[in-house]
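Please read the structure below before turning to the comments.
Just so it is clear, none of the values below were taken in a lab; they were calculated from the coordinates. Keep in mind it's a predicted model, so treat the numbers as computed, not measured. Cβ coordinates were reconstructed from backbone atoms using ideal geometry, including for glycine residues, and neighbour counts include every protein chain displayed.
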Amino acid sequence: MRTIYLIAICAGLGLLGLPAISQGQSVRGLQAEFPLLDTDRRTVDLDEIKSGGVPRDGIPAISDPQFRPASEISGLGEDEPVIFLSGDCGAFAFPYRILIWHEIVNHDQCGRPVAVTFCPLCNTSMVFDRRLGGEVLSFGTTGRLRNSDLVMYDHQSESFWQQFTGEGIVGRHAGETLTAVPARIEAWRLFREEFPDGMVLVPPGPGRSYGRNPYAGYDTAPSPFLFDGRMPDGIEPLARVVRVGGRAWSLEHVRRNSPVVTADGLRIEWREGQNSALDDGRIDRGRDIGNVRVTRNGADEAFSVDFAFAFHAFYPAGEIVQ
């Protein structure tokens, strides 16, 4: 029954259309929608890129983020997840209850332009430096997916970018890679306790059911939607894994063995008390999946918590430590 409900939700969001772009006449339609996009420059086959059922910017990125002090924020569940950055200018938190509806926030973090991103279908949160070759890029959503992962585009050249890896895959920037920025993903209460003067992203306006999860039941579904690739062996496709670069550890392994310390100095810690954003219809009621922190020599390391199928799709030779 839950799977049927999820299908209905995805259909309502327009997320069940799977036509590939294809190499022929569809390229003309793609260029009509993205007139600056150079489709001759690419690192992937165009038929790997599929429609998510929504047009360009159908899921609207936030390019003028507004923040309020943590002390003024109400309504967030204590264990609701936020992704956050901290620096000399303070700490800034981005609640998943907003990211799940917008997927990209173009932000300036202490003078460093960054893109805070979240792909619900892969459970992947990444922060990227928006500077590339002396240019500052800003990003939006293409309405397309590859391996079920968000394909972003930059407004300057309309090149396509893979959110999972930060790699340019079609257009002028094909073959280039954005720099990942270390960020932490923790429960709202933990952010508030550590940064009582921190700033928190607020919704850009009405019209979205902030706090609701439009993908209810997704992370316990038997298989991912919008994905037709090979599944990983020995682990459920929607089990969570902690990824650092091209390496991964199952979340269950990290939970059982916390802290996990690697030979090259990574320290991966788990503690209880964070809602899954993709479980219950209300994010603040999602089951506890715990908090993960990844450091090296005490400094935060860039990481993400992904679904196993997505890690296997982008790193087919990569091992998931279990």
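Using a Förster distance of 51 angstrom, determine the FRET efficiency expected from the C-beta separation of residue 71 and residue 319, and round it to 0.05. Numbers along the way, then the final one.
Numbers: r = 44 Å, r/R0 = 0.87.
Working from the Cβ atoms, E equals 0.70.
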Discussion item. Could you give each residue of the range 160-171 its phi-based ³J(HN,Hα) in whole Hz, using Karplus coefficients 6.51, -1.76, 1.60 with θ = phi - 60°, and x for Gly or Pro?
Written reply: 8, 10, 7, 5, 4, 10, x, 8, x, 10, 9, x
Discussion item. Please list, ordered by chain and number, the residues whose modelled amide H lies under 5 Å from the amide H of residue 321; skip anything fewer than 5 residues away on the same chain.
Written reply: 248, 249, 250
Response to the item:
Diffing the range 84-92: the Karplus 3J(HN,Hα) column from phi (6.51, -1.76, 1.60, θ = phi - 60°), in whole Hz with x for Gly and Pro, holds 9, 10, 9, x, 4, 8, x, 10, 10
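Rounded to the nearest whole Å³, what is the per residue volume of the convex hull around the Cα atoms of the chain? Could you put the intermediate results ahead of the total?
Details: hull volume 43.1 nm³, N = 322.
Dividing the Cα hull volume of the chain by its residues yields 134 Å³.
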Response to the item:
Interchain or sequence-distant (5+) residues whose placed amide H lies within less than 5 Å of the amide H of residue 52 are 144, 145
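Calculated from DSSP H runs of 4 or more alone, at -39500 (n - 2.57) each and per residue, what is the 222 nm mean residue ellipticity of the chain, nearest 500?
Details: 6 runs with 48 residues, N = 322.
So the calculated ellipticity at 222 nm is -4000 deg cm²/dmol.
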Item to complete: Please report Rg over Rh for the range 126-257, where both radii come from the alpha carbon positions and Rh follows the Kirkwood definition.
Response: 0.98
Item to complete: Write down, largest first, the equivalent ellipsoid semi-axes of the range 218-321 in whole Å, where each equals the square root of 5 times an eigenvalue of the alpha-carbon gyration tensor.
Response: 22, 19, 10
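Report the antiparallel proportion of the DSSP beta bridges in the chain as a percent, rounded to a multiple of 5. Could the numbers behind the result be given before it?
On the way: 67 of 72 bridges.
Around 95 percent of the beta bridges assigned by DSSP in the chain are antiparallel ones.
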Item to complete: With both partners inside the range 218-321, how many of the DSSP beta bridges are antiparallel, as a percent to the nearest 5?
Response: 90 percent
Discussion item. Relative contact order for the chain: what percent, with Cα pairs under 8 Å and sequence separation of 6 or more?
Written reply: 20 percent
Worksheet entry | Cα-based radius of gyration of the range 217-269 once divided by 2.2 N^0.38 Å, which approximates compact folds | 1.33
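Across every pair of different alpha-carbon atoms, what Kirkwood hydrodynamic radius in Å does the range 126-197 reach?
Details: mean 1/r = 0.0741 Å⁻¹.
Computed over the range 126-197, the radius equals 13.5 Å.
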Fill in: Given charges at beta-carbon only (K, R positive; D, E negative), |dipole| of the chain in Debye
340 debye
